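The values are calculated or read from the model by the stated rules, or taken from the named source; none is laboratory data. Note that this is a predicted model, so its numbers are computed, not measured. Ideal geometry is used to build each Cβ from the backbone, glycine not excepted, and the neighbour counts take in all protein chains shown. Heavy atoms of the whole protein, side chains included, go into the accessibility calculation; ligands, DNA and RNA do not. Shrake-Rupley method; radii C 1.70, N 1.55, O 1.52, S 1.80 Å.
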Amino acid sequence: MGFDRDSKDSDLSGKFMIDTAKLQELQDVYAQVANLFIFCVDENGKRMTEMSGNPEEISRVVSLLDEMQLRAAINRVLFNSVEEQVIEDTEYPNMKIATIGVRIGGTPAFAWFICGVAPDEGRENDVTNFECTIPLYKFNASVDLVREVSKRIYGESYLAANAVADAKRAKSSTEEMQKALQRSEAMTGIVSQLASDESFEVISNTVLDYTGRYSDISHAYVLRPNRDGNGIEIIGSYVSPGESPLDPVIDITSQSFFAQIGDQTKIISYRTHIEEKTRDWLDSIGISAAIAIPISINGKTAMYAFYLDNKLGREWGLDEVKFFGDATKVIQSSATNRIQRNSITSSYKSLETILDNVGSVIYVRDVNSSNIVYVNRMCKNTFEQELSSGAIVGLFEESSRYNTASSYREVNYKEKNRWYDVTSTNMTWVDGRKVVLYAIIDVTEKKQYQRKIEQQANNDFLTGLYNRMCCERDLLRIVDEAKECGGKGAVIYLDLDDFKHINDGLGHQYGDVLLKAISNSLTRINGVENTCYRMGGDEFVILVPHTSYGRFEEIIENIRTVFNKPWFLKGADYYCTSSIGIVTFPDEGETVQDLIRKADIAMYSAKKSGKNKLAHYTDSSDVEAYKRLDMEKSMRAATATDYEQFEVYYQPIVDIKKPGNPCTGAEALIRWNSTELGFISPGDFIPLAEYLGLINPIGLHVLKKACEAVKYWNENGHPYYKVNVNLSVVQLMQNDIVENIGKTINEIGVNPRNLTLEVTESLAINDMNRMKKILGAIKQLGIRIALDDFGTGYSSLNHIREIPLDVIKVDQTFVTDLATDQYAQSFVRMIGELAEALGVRVCVEGIETVEQFKALENMNVRMVQGFYFDKPMPREEFEKKYLNQTTGG
């Protein structure tokens with residue numbers, strides 16, 4: 001077909017790279033599972049992947065497709081902002097095509113082409129004898145699934161990639177500015193040697209030292225051929241700390257090597273193609289890259305400057321070559337100055353050439369007369385007006401913060417809104433006068449970057465409000481001010497009611513829009529314009545300083561007004577109220593931590609009383625906080641003894657492919673029946689157990705009880721019963737998790753094949769390499785692995801193949817509307833087909849109605865659990881009900 005293949009990864013605005021290899025792999029898996037023919041094109045319509053599908057039938061599909069129809073369909077989704085999916089008939093009744101446009105950040109990124117062939121029904125023009133077929137009613141659902149999965153995978157990856165790219169650019173900008181500053185400092189030191197009264201050898205060594213340290217090279221030499229043509233003379237040298245001098249082997253350069261260089265600069269990088277004997281010589285002395293620059297005296301080459309490096313793979317940059325050239329000119333000027341000491345004009349021209357090319361503003365001022373005796377080209381171009389008016393001296397000397405120790409100062413030129421670093425060096429000028437050389441570097445971008453970093457440290461990135469750290473700092477100051485003047489202030493703690501529903505229902509992008517709108521409205525309330533803070537998530541704090549406390553009631557009323565109006569989101573009005581907690585200072589507290597804690601407690605009381613409420617802190621507010629402390633105390637007591645308060649309930653898992661839907665085992669679920677507090681919901685105590693670090697012993701207790709139960713079942717007529725046990729994030733992160741599991745199954749003597757450990761999808765893909773290692777080790781014990789809550793995370797189909805799975809458990813969120821929602825049905829059906837291809841089983845949890853159960857018919861689903869079959873129950877009740885049931889393997 002007429003689509004040229006472009007094998008390179010697609011790059012969107014230099015920020016987000018689409019990995020075509022992974023795209024091809026995803027495409028291959030889905031084409032195989034869904035019996036489709038698929039390929040992908042980039043934003044320009046060029047092929048990114050090869051067509052996937054039945055290899056024996058791909059060429060036949062290509063020959064049957066109308067290329068003009070195919071191109072038109074792809075162009076509709078790539079170059080039309082309205083259409084993102086097209087499904088069309090072809091000239092063959094049982095063949096359909098579809099195209100899906102994928103946009104990332106609002107820009108067309110790539111497009112899928114999908115072709116499906118239905119079974120031959122004997123109609124005229126039907127395509128016949130195809131093995132890879134798909135019913136036409138399944139074709140539309142498969143296309144929809146590709147569109148939704150592409151949006152999830154690549155839309156969120158783009159946001160993450162944007163953040164990474166911005167961070168890299170910021171880091172690169174800082175490194176470049178730092179490099180420029182180091183270069184300027186090195187060149188200032190090199191140039192100062194022009195006025196030195198030291199010998200030429202000392203000057204050469206000093207220049208090479210500056211050059212070597214700045215450029216991070218291993219060796220540098222100034223060499224002069226002997227007059228008799230045999231050997232060389234070392235004039236100056238630099239050897240990086242830790243390196244050995246090359247003097248013992250340098251004689252082999254000989255006169256013939258200098259003849260090869262001639263009068264031209266010779267640059268040899270790691271990849272440069274050179275004569276074999278030259279490369280052999282460099283290899284013999286351990287040098288991978290070299291630059292040789294002739295030094296001319298009176299028009300003739302008299303010496304050579306060598307800059308060498310022994311780092312493997314060294315390549316010279318243009319800036320490095322230019323820097324070496326400038327440094328060599330200083331050496332050449334010093335040599336010429338020794339020979340032509342009476343020729344000041346000649347020396348001045350050489351100096352002027354060097355200073356005009358150092359990359360920074362330079363001017364020189366006479367110490368005695370205060371007159372400016374020299375300005376370089378960049379100085380003339382940048383500060384022409386300041387030079388003509390004489391203002392440059394006052395700008396960079398008198399009005400600056402001067403540090404005599406380092407001769408360094410920082411200047412803010414407010415009229416131009418620029419920042420400069422100024423370095424001054426006392427030296428002797430070419431004519432013998434005492435002068436001060438000023439080197440000036442524009443560091444405005446560095447300052448702007450520093451300001452941005454400071455803003456990020458104090459401000460919330462999304463809303464622009466001040467963050468928690470800034471809130472705590474400001475509250476300390478505001479409380480002290482109130483105490484000093486005998487005034488009063490308040491801390492107002494806000495938590496949005498049911499924000500999660502909006503965030504999950506409309507999407508995170510609309511949740512972000514709502515947070516920004518609320519933040520903007522809060523900062524427009526008189527009296528607290530500059531004291532609004534986002535504490536994180538959907539929580540805000542407003543500080544009322546003593547200067548605004550006189551209109552406290554007005555401020556509260558304005559806050560409530562903000563939340564009484566609807567917010568226009570996604571084309572409709574939505575209400576989002578807030579629960580408000582208030583504490584005053586200094587009467588109800590003086591420390592930052594105490595005030596924020598009490599305001600938080602008051603807010604929680606308001607939320608418990610029905611949301612959209614306001615509550616002031618009282619001493620009784622601490623009661624709720626103490627309830628949590630009671631739960632913590634009771635939990636520690638329960639875990640300090642025998643864990644018997646933590647009961648294990650069992651929910652049956654049934655096999656719907658067998659007559660009568662027999663039980664095949666159960667999932668072990670923990671319940672806490674506290675002797676002091678009664679039954680406590682897992683949603684209340686499990687997060688607390690994780691926070692207190694008690695989830696590991698509690699989880700081990702559940703594992704032991706579950707193993708004891710399943711062993712009993714296996715030995716009493718049900719050798720194939722299995723038990724599922726959940727592993728939490730905290731447990732899996734323990735280094736000894738595999739050892740503890742192995743020790744448990746050995747102590748109990750349970751058949752490991754009848755034990756299944758469940759991990760959540762989001763946990764499994766969060767650290768894929770570590771999870772593969774841990775789960776692989778657990779699998780080696782003979783234990784089965786189940787991926788729990790599948791469909792709620794962001795894993796790709798490729799991730800499923802990477803994890804050593806035995807069971808995929810479809811999350812109950814896909815089951816709620818299973819009886820009526822086509823997407824949910826397509827998703828469960830697709831997972832069933834994928835599981836069959838991967839050789840794993842599917843378990844659907846949360847089945848509560850007969851309609852949901854009936855919807856699973858004709859799907860590749862075998863294992864089911866939910867209230868429709870039975871609720872979780874104690875072990876005794878489970879065994880009484882299910883231990884006499886006949887079951888198979």
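A few comments on the model shown:
- Boolean, VAL562 is under 26 Å from GLN593 (Cβ atoms), touching a Leu at 6+ places or on another chain (Cβ under 9 Å) and surrounded by 15 or more Cβ atoms within 10 Å (Cβ to Cβ): no
- Of the residues making up region 299-317, those that are surrounded by fewer than 10 Cβ atoms within 10 Å (Cβ to Cβ) and either more than 22 Å from SER215 (Cβ to Cβ) or in contact with a His (Cβ under 9 Å, 6 or more places away or on another chain) (or both) are GLY299, LYS300.
- Residues that are in contact with a Leu (Cβ under 9 Å, 6 or more places away or on another chain) and within 21 Å of ASN44 (Cα to Cα), drawn from region 102-145: ILE104, GLY105, THR107, PRO108, ALA109, PHE110, ALA111, PHE113, ILE114, CYS115
- Residues that are among the aliphatic types (A, V, I, L, M) and open to solvent by 30 Å² or more (accessible area, probe 1.4 Å) within region 48-69 comprise ILE58, VAL62, LEU64, MET68, listed in sequence order.
- Checked against (1) open to solvent by less than 10 Å² (accessible area, probe 1.4 Å); (2) of a type in the set (Phe, Trp, Tyr); (3) over 15 Å from GLY464 (Cα atoms), TYR549 passes all but condition (1).
Okay, residues lined up against (1) at pLDDT 85 or above; (2) charged (D, E, K, R); (3) in a loop (DSSP other than H, G, I, E, B):
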{"residue": "ILE808", "(1), (2), (3)": "yes, no, no"}
{"residue": "GLN825", "(1), (2), (3)": "yes, no, no"}
{"residue": "MET830", "(1), (2), (3)": "yes, no, no"}
{"residue": "VAL844", "(1), (2), (3)": "yes, no, no"}
{"residue": "GLU851", "(1), (2), (3)": "yes, yes, no"}
{"residue": "ASN858", "(1), (2), (3)": "no, no, yes"}
{"residue": "VAL861", "(1), (2), (3)": "yes, no, yes"}
{"residue": "PHE869", "(1), (2), (3)": "yes, no, yes"}
{"residue": "GLY889", "(1), (2), (3)": "no, no, yes"}
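- Applying a threshold of 7 Å to beta carbon distances and a minimum spacing of six or more residues, or different chains, the list of pairs starting in region 635-652 at a residue that is more than 18 Å from PHE878 (Cα to Cα) and ending at one that is open to solvent by less than 40 Å² (accessible area, probe 1.4 Å) and assigned to a helix (DSSP H, G or I) reads MET635/PHE685; MET635/LEU688; MET635/ALA689; MET635/LEU692; THR639/ILE698; TYR643/ILE698; TYR643/HIS701; GLN645/ALA638.
- Residue tally, condition open to solvent by less than 50 Å² (accessible area, probe 1.4 Å), within 22 Å of GLN332 (Cβ to Cβ) and among the acidic types (Asp, Glu), over region 350-381: 1
- For region 97-122, the set of residues classified as under 14 Å from GLU67 (Cα atoms) and either touching a residue at least 60 places away in the same chain (Cβ under 8 Å) or open to solvent by 40 Å² or more (accessible area, probe 1.4 Å) (or both) consists of PHE113, ILE114, CYS115, listed by residue number.
- Failed item in (1) under 20 Å from PRO135 (Cα atoms); (2) within 32 Å of the chain's Cα centre (by Cα), with LYS96 passing the rest: (2)
- For region 350-357, the criterion of a residue being in a strand (DSSP E or B) and either on the phi > 0 side of the Ramachandran plot or modelled with pLDDT of 80 or more (or both) is satisfied by no position.
- Taken together, the residues in region 191-207 that are open to solvent by 50 Å² or more (accessible area, probe 1.4 Å) and either touching a Lys or Arg at 6+ places or on another chain (Cβ under 7 Å) or in contact (Cβ under 8 Å) with a residue 40 or more places away in the chain (or both) amount to 1.
- The residues listed here are SER400, SER424, SER406; of these, the one that is within 40 Å of the chain's Cα centre (by Cα), at pLDDT below 85 and open to solvent by less than 80 Å² (accessible area, probe 1.4 Å) is SER406.
- Restricting VAL528, VAL541 to residues that are under 22 Å from ILE596 (Cα atoms), open to solvent by less than 10 Å² (accessible area, probe 1.4 Å) and assigned to a loop (DSSP other than H, G, I, E, B) narrows the list to VAL528.
- For region 655-712, filtered to residues that are closer than 22 Å to LEU755 by Cβ and among the polar types (S, T, N, Q), the residue that is modelled with the lowest pLDDT is ASN696.
- Looking across region 468-480 at every residue that is open to solvent by 30 Å² or more (accessible area, probe 1.4 Å) and in contact (Cβ under 8 Å) with a residue 24 or more places away in the chain, the one that is nearest to the chain's Cα centre (by Cα) is identified as ARG468.
- Scanning region 568-588 turns up no residue that is assigned to a helix (DSSP H, G or I), modelled with pLDDT of 85 or more and loosely packed, with under 14 Cβ neighbours inside 10 Å.
- Checklist (1) under 34 Å from the mean Cα position of the chain (by Cα); (2) in a loop (DSSP other than H, G, I, E, B); (3) of a type in the set (A, V, I, L, M, F, W, C); (4) at pLDDT 90 or above applied to ALA786, failing item: (2)
- Any chance ALA72 is part of a helix (DSSP H, G or I), farther than 22 Å from TYR137 by Cβ, open to solvent by less than 70 Å² (accessible area, probe 1.4 Å) and free of Cβ contacts under 8 Å to residues at least 40 places away in the same chain: yes
- Those residues of region 434-464 which are hydrophobic (A, V, I, L, M, F, W, C), within 23 Å of the chain's Cα centre (by Cα) and open to solvent by less than 50 Å² (accessible area, probe 1.4 Å), in sequence order: ALA457, LEU462
- As a summary of the residue check, ILE331 satisfies the conditions (1) closer than 23 Å to ALA186 by Cα; (2) at pLDDT below 85; (3) over 42 Å from the mean Cα position of the chain (by Cα) except for the one numbered (2).
- Options TYR210, TYR214, TYR221: the member that is surrounded by 13 or more Cβ atoms within 10 Å (Cβ to Cβ) and either modelled with pLDDT under 85 or within 36 Å of the chain's Cα centre (by Cα) (or both): TYR214
- Residue pairs meeting the criteria (Cβ under 9 Å; at least 6 apart or on separate chains; first more than 15 Å from SER350 (Cβ to Cβ) and in contact (Cβ under 8 Å) with a residue 60 or more places away in the chain, in region 280-299; second open to solvent by less than 10 Å² (accessible area, probe 1.4 Å) and of a type in the set (Gly, Ala, Ser)): ILE287/SER218
- Note on region 18-37: residues that are within 22 Å of ALA141 (Cβ to Cβ) and small (Gly, Ala, Ser) total 2.
- Among residues of region 141-161 that are over 17 Å from GLY101 (Cβ atoms) and of a type outside the set (Ser, Thr, Tyr), those with a Cβ under 7 angstrom from a residue that is open to solvent by less than 40 Å² (accessible area, probe 1.4 Å) and modelled with pLDDT of 75 or more, sequence gap 6+ or separate chain, pair up as ALA141/SER826.
- Residues being at pLDDT 85 or above and within 45 Å of the chain's Cα centre (by Cα) - total across region 113-147: 21
One line per residue, one yes/no per condition, for (1) more than 30 Å from ASP480 (Cβ to Cβ); (2) touching a helix residue (DSSP H, G or I) at 6+ places or on another chain (Cβ under 7 Å):
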{"residue": "ASP512", "(1), (2)": "yes, no"}
{"residue": "GLY536", "(1), (2)": "no, yes"}
{"residue": "GLU557", "(1), (2)": "no, no"}
{"residue": "GLY571", "(1), (2)": "yes, no"}
